[in-house]
Amino acid sequence: MPVYEYECPSCDKVFEVQQRMSDEPLKNCPACEGEVRKLVSVSSFQLKGGGWYTDGYSGLSNGKGDSVAKKDSAAPPACPGGGGCKSCPAAAA
């Protein structure tokens, strides 16, 4: 369950509450019953290590430290439209 942070301007208390995402936000402070506001706080979610992106999807590494770019040093293919981004149909979208 996510942890949400609230602040009560009446008693200057900042507190955390574990709530489901489907729960209604708190309206009153548990200490003084004053109105509270929900704070936006820094997430504790971090991606560490190689992981799925580096190992399988980035194309920069095969997960063993060998760069795919070293093995395939050919230049990227030329633009099929021949003119760069301005003539690319995807750029107009």
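The values are calculated or read from the model by the stated rules, or taken from the named source; none is laboratory data. The shown structure was predicted, so the numbers you read here are calculated from the model rather than taken from an experiment. Every residue, glycine among them, receives a Cβ derived from its backbone with ideal geometry; neighbour counts consider all protein chains shown.
General observations
- Cβ pairs under 7 Å, 6+ apart, first in the stretch 24-53 and modelled with pLDDT under 90, second in a loop (DSSP other than H, G, I, E, B) and not aliphatic (A, V, I, L, M): Gly50/Gly63
- Any hit, the stretch 19-32, residues being in contact with a Leu (Cβ under 7 Å, 6 or more places away or on another chain) and surrounded by 14 or more Cβ atoms within 10 Å (Cβ to Cβ): no
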